[in-house]
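Here the structure comes first, spelled out in structure tokens, and everything after it is commentary.
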Amino acid sequence: MSTPAGGRHDGSPLEPSSVPATYDDSAHSPITTPDSDDHSAPDPEAVRDTRRPAGQSPAGIAHTKAAATWTGLVVGAIVLVILLVFILQNLDAVPVSIFVWTFQLPLGVSMLLAAIAGALVMALAGGVRILQIRRAAKLK
């Protein structure tokens with residue numbers, strides 16, 4: 001075990017003459033190990049806490065539902081503007097055949113409708129799978 005300069009191994013405090021004249025009682029104590037002799041634990045206020053609470057960004061701003069909603073709305077608006085530009089650049093009419101019906105639609109609109117139909121089919125498949133999992137969970 002280590003002892004400070006002039007310290008004793010028997011656990012008795014230092015003699016006043018062995019304390020340096022420049023000793024400042026208001027200065028923060030260095031962090032010591034639990035097995036150090038004649039040292040107390042560090043002052044908790046002197047040790048800086050570098051941990052962040054859960055859900056906080058590095059700047060210390062909490063992530064809120066309002067912030068997530070706003071971000072989602074901005075991203076959605078950007079996607080809608082890109083879709084509008086795509087549709088306006090693809091206004092050439094193309095024939096679209098669905099079962100027995102055939103009609104003319106602008107190319108951009110027909111591609112948008114195809115993407116929406118694909119998303120609906122995937123949502124339907126996902127919904128069926130969720131129902132299967134819920135039913136299996138209730139049986140257990």
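Among the residues of the stretch 99-117, count how many are surrounded by fewer than 13 Cβ atoms within 10 Å (Cβ to Cβ), of a type in the set (V, I, T) and within 19 Å of V79 (Cβ to Cβ). Don't jump to the end; show me each part of the working.
Start the filter on the stretch 99-117 by keeping residues that are surrounded by fewer than 13 Cβ atoms within 10 Å (Cβ to Cβ), which leaves 99-104, 114-117.
Of the ones still in play, those that are also of a type in the set (V, I, T) are 100, 102, 116.
Now restrict to residues that are within 19 Å of V79 (Cβ to Cβ): 116.
Final tally of qualifying residues: 1.
Residues checked against (1) surrounded by 10 or more Cβ atoms within 10 Å (Cβ to Cβ); (2) modelled with pLDDT under 75; (3) of a type outside the set (A, V, I, L, M):
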position: P53; (1), (2), (3): no, yes, yes
position: Q56; (1), (2), (3): yes, yes, yes
position: A59; (1), (2), (3): no, yes, no
position: A67; (1), (2), (3): yes, no, no
position: G72; (1), (2), (3): yes, no, yes
position: V75; (1), (2), (3): yes, no, no
position: I78; (1), (2), (3): yes, no, no
position: Q89; (1), (2), (3): yes, no, yes
position: S97; (1), (2), (3): no, no, yes
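The values are calculated or read from the model by the stated rules, or taken from the named source; none is laboratory data. Small disclaimer: the values here were computed from a predicted structure and weren't measured. Here Cβ is always computed from backbone atoms with ideal geometry, including for glycine, and neighbour counts include all displayed protein chains.
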